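Report on the structure given below.
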Amino acid sequence: MKAFISIKNGILFLVSLVLLTGVFACQSNHLPKKYIVEIKDMKFQPSKLIVQKGDTVIWINKDIVAHNVTEKNNTWASPLLLPESTWEKVIEKSDSYYCSIHINMVGALLVASQ
Amino acid sequence: MKNFQNVKKVTLLAGAFLCSVTLLSPAFGQNTPTLSDPEIASVAVVANQNDIDFAEIAKQKSQNPEVLEFANTMIKDHKTVIDLAVALVTKFHVTPKDNAVSKKLLSDAEKTKKMLNSKSAKEFDKAYVDNEVAYHKAVIAAVKNVLVPQSQNAELKALLQKVVPILEAHLAHAEMTQKKML
Ligand SMILES: [Cu+2]
């Protein structure tokens, strides 16, 4: 009976060890990624982007006119982006944004829950 | 023979007059005018410059921040398009050429500027934004149906094609501003 219990404990220990390693592995496994949003034909493409916290988004202006990327409440904004120029930002939370020159150009960043 | 020539002249004149009325009323009517690349370049520059001129009047007469922001966007974007068109004609050693369409656009714009300048401060914003909606609709149709299909030079065609979504964004912006003012 005693031997059985210790075997059972041993198995439990092993199982929890495997589970824990799995959890740690998962957490450290998410290397920050880079995403590209093209600004093309007066649209942010893709207009909705799902990222993980800490990922980087790079905006590239492929239009012939200048644009910018401005958070909807103006808490952050890119400088003026001339044609072919880029701007990047590390994303910490979900945000909606627009171009303050062309106010009907809108986009959204959604930070996926882990 | 002399009589015949006179008749011919009169017919030609009448024809030209009818053409200018039916073809260009508004500047780009249902009947499609035929334009060469230098003429298309001239139309493009005039169409963009007109909208800059309207925006300059708005900057002097409007107090509405949304109207002023819209006007600033018009100045920036239409200036960019003119610069690119000028760079293109310079590259290809083409001189923009006046034509019936660009002349009609210019004379219509003179009337619009008079109308805008005559408005009281209270009436101005609506008159300006209403005109921007109508003007962008007309120019979009002209670029899509006349200027793009008729341009021969591939770079000129590509530039005009890139201008369409810009004009469409301006139209949406103008319509949004129009709704807010109701
Ligand atoms: Cu923009």
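A plus B alone minus the pair: what accessible area, both sides summed, probe 1.4 Å, in Å² to 100?
1200
How long are the semi-axes of the equivalent ellipsoid of the range A:34-111, taking √(5λ) for every eigenvalue λ of the Cα gyration tensor, in whole Å from largest down?
Value: 18, 13, 11 Å, ordered largest first.
For the range A:62-105, run through the trypsin sites (Lys or Arg not before Pro) and keep only the ones in DSSP coil with at most 15 other Cβ atoms within 10 Å of their Cβ.
In loop regions of the range A:62-105 (DSSP not H, G, I, E or B), the sparsely surrounded trypsin sites (Lys or Arg not before Pro) are A:Lys62, A:Lys72, A:Lys93.
Rounded to the nearest percent, how much of the accessible area of the range A:34-111 (1.4 Å probe, protein heavy atoms only) is carbon and sulfur?
54
Rounded to whole Hz and in sequence order, give me ³J(HN,Hα) for the range B:93-98 from the Karplus expression 6.51 cos²θ - 1.76 cosθ + 1.60, θ = phi - 60°, writing x for Gly and Pro.
6, 10, 9, x, 10, 3
Given points 7 Å out from each Cα along the Cα-Cβ axis, report the A:Glu92 to B:Lys144 separation in nanometres with one decimal.
4.4
A:Ile39: net charge of surrounding residues, Cβ under 12 Å, Lys/Arg +1, Asp/Glu -1, itself excluded?
Net charge in that neighbourhood comes out at -1.
Rolling a 1.4 angstrom probe over the protein chains, ignoring ligands and nucleic acids, what is the accessible area of B:Thr32 in square angstrom, nearest 10?
Its accessible surface works out to 80 Å², give or take rounding.
Express in whole angstrom the spacing between the alpha-carbon centres of the range B:96-127 and the range B:49-70.
What the calculation gives is 13 Å, centre to centre.
Could you sort A:Glu71, B:Glu155 by their accessible area in this structure, using a 1.4 Å probe and putting the largest first?
B:Glu155, A:Glu71
Near B:Lys76, which lysines are there with a Cα under 21 Å away, not counting those fewer than 8 places off in the same chain?
Straight-line reach from B:Lys76, under 21 Å: A:Lys40, A:Lys43, A:Lys62, B:Lys59, B:Lys61, B:Lys113, B:Lys137, B:Lys162.
Expressed as a fraction of 2.2 N^0.38 Å, the rule-of-thumb size for a compact globular protein of N residues, what is the C-alpha radius of gyration of the range B:35-182?
1.04
List the residues of the range A:58-74 whose accessible area drops by at least 20 Å² when all protein chains are present, compared with their chain alone, using a 1.4 Å probe and counting only protein heavy atoms.
For the range A:58-74, once contacts with the other chains are taken into account, A:Ile64, A:Val65 lose 20 Å² or more.
Calculated FRET efficiency, A:Lys72 and B:Thr90, Cβ-Cβ r, R0 41 Å, to nearest 0.05?
Efficiency, rounded to the nearest 0.05: 0.50.
Which net charge results when you count Lys and Arg as +1 and Asp and Glu as -1 among the other residues whose beta-carbon is under 14 Å from that of B:Ala134?
Residues near B:Ala134 contribute -2 overall.
The values are calculated or read from the model by the stated rules, or taken from the named source; none is laboratory data. Remember, it's a predicted structure, so these values are computed and weren't measured experimentally. Glycine also receives a Cβ, built like all others from the backbone with ideal geometry; neighbour counts cover every protein chain displayed. Note: accessible area is taken over every heavy atom of the protein model, side chains too, but ligands, DNA and RNA are not part of it. Shrake-Rupley method; radii C 1.70, N 1.55, O 1.52, S 1.80 Å.
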